Every structure is written in C-alpha cells, then in structure tokens.
Amino acid sequence: MSSVSAFFQAKIDSTVVNSIVNKFTFNNSDISGRLIDYNTLVRNVTDFDGTDYAVGVEIASQTFNSLMSNKAQFFAQGKYEFGFTNSSGVNDLLQLFAGKLVDIDIPDNGKATLRFKNTYAWLQGRTVGGVDSGSAVDYTSSNYNPADIAWYLSTSYGGLDSLAATSNADIDYTAWTYWRQQFTDNSIVVQAYFSGESVTDSILEITRLTDSKVMDNGTGKLHFTRWSVGSGALHSV
C-alpha cells in the first residue's frame, strides 16, 4: 500500500483544504493543463472489478488530434496523481490510478473524453478451463502454494505479464513474493480444479479462502496481501 507524508495527511485532515494539485500524465507527457474535468474514482477492497477512468480534455488546441490519425497511441498509459503543493512549491502527490487508453470520444461540444482501463479490466471475460473434463485445468495431483495458483491464473489464463521480477508490468512482484512467503512459512497449501470459471472469480475465491485481498493500489498493478491482526485497507481521498 502507498503511504503519505505527514504534510499530505495534515492537508487531508484540514477543515479548509487549499493548494490542491490534480496531475494527469498520458504517454509520459503531463497533460494536466489540457484537462477540463476528472471522473470520480472509487475502490472497494472486497470487489475485484475492472476500473474504467475517464478524463475530459479540451480540443480547441488540437493537441489530441493525433489520436485519430495515429492509433499506435492507444494502449499507452494514463496516470492520475492527487496531492498538494507545500510551502516550498514542491508537489506532494499520491498516485491513484494507472491504466491504458482504450477509447476516445470527440463530440461537438469542445471537449473530448479519454477513457482508460486498469489491469483488473484486462482480466474480465477470461475463463479458466472448459466445461468438459477434457479441457478442465486440474491442480489436484499435488499441493500448491495459493500464491502460485493466483500467479498462474493471472498470467497463463489472464494474459498479464509473467516476468518474475520487480519490473513486472502488471503484478506488484514484491508484494506477491511476500504474500507467497507467508503461506510457505505457515505451511498453507491448496488444490484446485477449474472448468470454465472466470479468472476474476477464481482469484477472488483464493483470496477469500486464505484471508487475503487483491487490489490495485493506484500503480495499475495487482497487489496481493494477507489480512493480519490490526491491518487495515482504508484508501480514500
């Protein structure tokens, strides 16, 4: 989970909040000055749903015309950060969303809408195994670490990055490694059998059975962690 500075927390707790900064980066370029509005962003740790996020941008400057002629820019990353400017003029920001551009709508009202989807959304609609026994995915011949099953589901069947390194583009590998070690230390193993279930429901069932949670902490990556005494999952702005 992301942490915030004492300054950031003090601003959030203030009765009158000023020096607010909304920053949106698209394809590594800061386009905040072109934005007209931001959609509301809501997360619930008990759900495992793909998140769409849209921003409204001005089109009078024709800055985004290239999106219509150069479709290679689709699936480029958009990143939303929120925070405050301190007394030294430095922005203290928390990243709340990262996702890929999937749609652009340019009506005749002077504003275009750019729509992005996070990693969760790319898992939706994917299934594990078929309904007949010949195409089922069987993990009952041995005992497995629950984190390994979640990894197989996310990568082999969900199509996410399978690189076992911190540079993994879709999974928080550091968090996943720690999560896996917890099961190893406590000798927790599972078996599984999939016959057409959705990837998202299957991953959610693993987290339910192991007192864990999976969420997007704003980085655009799947973040796995296990509940513990005194732990919390409050993430709100």
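Once the stretch 126-144 is narrowed to residues that are open to solvent by less than 80 Å² (accessible area, probe 1.4 Å) and not in a strand (DSSP E or B), the residue that is nearest to G158 (Cα to Cα) is G129. Return the only residue of A121, A112 being modelled with pLDDT under 90, open to solvent by less than 50 Å² (accessible area, probe 1.4 Å) and not in a strand (DSSP E or B). So the residue among A121, A112 that is modelled with pLDDT under 90, open to solvent by less than 50 Å² (accessible area, probe 1.4 Å) and not in a strand (DSSP E or B) is A121.
Can you confirm whether F97 is assigned to a strand (DSSP E or B), hydrophobic (A, V, I, L, M, F, W, C) and either surrounded by 17 or more Cβ atoms within 10 Å (Cβ to Cβ) or in contact (Cβ under 8 Å) with a residue 24 or more places away in the chain (or both)? So F97 passes the test.
Of all residues in the stretch 106-152, those satisfying the criterion of being hydroxyl-bearing (S, T, Y) and within 30 Å of F74 (Cβ to Cβ) are T113, T119, Y120, T127, Y152. Among T177, T184, T155, T166, which is the only one that is under 27 Å from K79 (Cα atoms), part of a helix (DSSP H, G or I), open to solvent by 50 Å² or more (accessible area, probe 1.4 Å) and without any contact (Cβ under 8 Å) to a residue 40 or more places away in the chain? Among T177, T184, T155, T166, only T177 is under 27 Å from K79 (Cα atoms), part of a helix (DSSP H, G or I), open to solvent by 50 Å² or more (accessible area, probe 1.4 Å) and without any contact (Cβ under 8 Å) to a residue 40 or more places away in the chain.
The values are calculated or read from the model by the stated rules, or taken from the named source; none is laboratory data. Predicted, not measured: the structure shown is a model, and the values here were computed from it. Positions of Cβ are backbone-derived with ideal geometry, glycine not excepted, and every protein chain shown enters the neighbour counts. Surface accessibility is based on the protein's heavy atoms, side chains included, excluding ligands, DNA and RNA. Shrake-Rupley method; radii C 1.70, N 1.55, O 1.52, S 1.80 Å.
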